[in-house]
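So the structure is just underneath, and the comments pick up after that.
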Amino acid sequence: ELPEQAQVTLTIYDLIGREVTRLVNTTQEAGFKSVQWDAIDKHGKPVSAGVYLYQIRASEFVQTRKMVLLK
């Protein structure tokens, strides 16, 4: 949930910290949002199953969490 309009970025990283892809990098209106990742990296190549990190940034808010990609 985004409480107010903000510049939002949603970035996927591997466990070493390398950027895999950036799913969102736009100004978003307030409200509930959802994003689906097609398991493709920034070069258009499929990524392997495993553990990844995702980071959400919106104004001053920053949150990083783990996720498991299953194929």
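The values are calculated or read from the model by the stated rules, or taken from the named source; none is laboratory data. This structure is a prediction, so every number in the text was calculated from the model and none was measured. Virtual Cβ from ideal backbone geometry, glycine too; neighbours counted across all protein chains shown. To get the accessible areas, we keep the full protein, side chains included, count just its heavy atoms, and leave off ligands, DNA and RNA. Shrake-Rupley method; radii C 1.70, N 1.55, O 1.52, S 1.80 Å.
Brief remarks on what is shown
- Probe 1.4 Å, protein heavy atoms only - accessible area per residue of the chain in square angstrom: 74
- Principal semi-axes in Å for the chain [√(5λ), Cα gyration tensor, largest first]: 23, 12, 11
- Within the chain, antiparallel bridges make up roughly 100 percent of the DSSP beta bridges whose residues both belong there.
- Order by protection proxy (mean Cβ within 10 Å, highest first), peptides 4-11, 51-58: 51-58, 4-11
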